[in-house]
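The values are calculated or read from the model by the stated rules, or taken from the named source; none is laboratory data. Just so you know, these numbers come straight off a predicted model, no measurement behind them. Cβ atoms come from the backbone with ideal geometry, glycine included; neighbour counts cover every protein chain shown.
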């Protein structure tokens, strides 16, 4: 798990550094976009699923997967309501969810992975 923790931290630091450099070099914003939107979630879900199916898993990883499954369920359910009269309300809810929830899940996963790798 220590290797998975170092990989996760390397991806997070790469996202942060490329976002900072993106202010001065526009090409770095593409790196931030790819790392933050594709590489980091896939890596965290892959490591989390390996950890989830291992016999010595922690209860906190169950909470992480419940959060991920709940998030995707809410997003798919709200996508079916896009033809209603209250379309603006659903768009505002989705805007809030797409910004806050994935970042919170990534921070929570990093926290529990750090705590577990120190034990």
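Among the residues of segment 39-47, are any at pLDDT 80 or above and more than 15 Å from the chain's Cα centre (by Cα)? For segment 39-47, residues at pLDDT 80 or above and more than 15 Å from the chain's Cα centre (by Cα): absent. Name every residue in segment 28-37 that is more than 10 Å from residue 11 (Cβ to Cβ) and at pLDDT below 80, in order of residue number. Across segment 28-37, the qualifying residue is only 37. Go through segment 1-28 and give me each residue that's within 18 Å of the chain's Cα centre (by Cα) and more than 28 Å from residue 57 (Cα to Cα). Within segment 1-28, 16, 17, 18, 19 qualify.
Within segment 76-93, the set of residues being at pLDDT below 70 and either loosely packed, with under 11 Cβ neighbours inside 10 Å or in contact with a helix residue (DSSP H, G or I) (Cβ under 7 Å, 6 or more places away or on another chain) (or both) comprises 78, 79, 80, 81, 82, 83, 84, 85, 86, 90. Summed over segment 4-36, the residues that are more than 26 Å from residue 114 (Cα to Cα) and assigned to a helix (DSSP H, G or I) give a count of 5.
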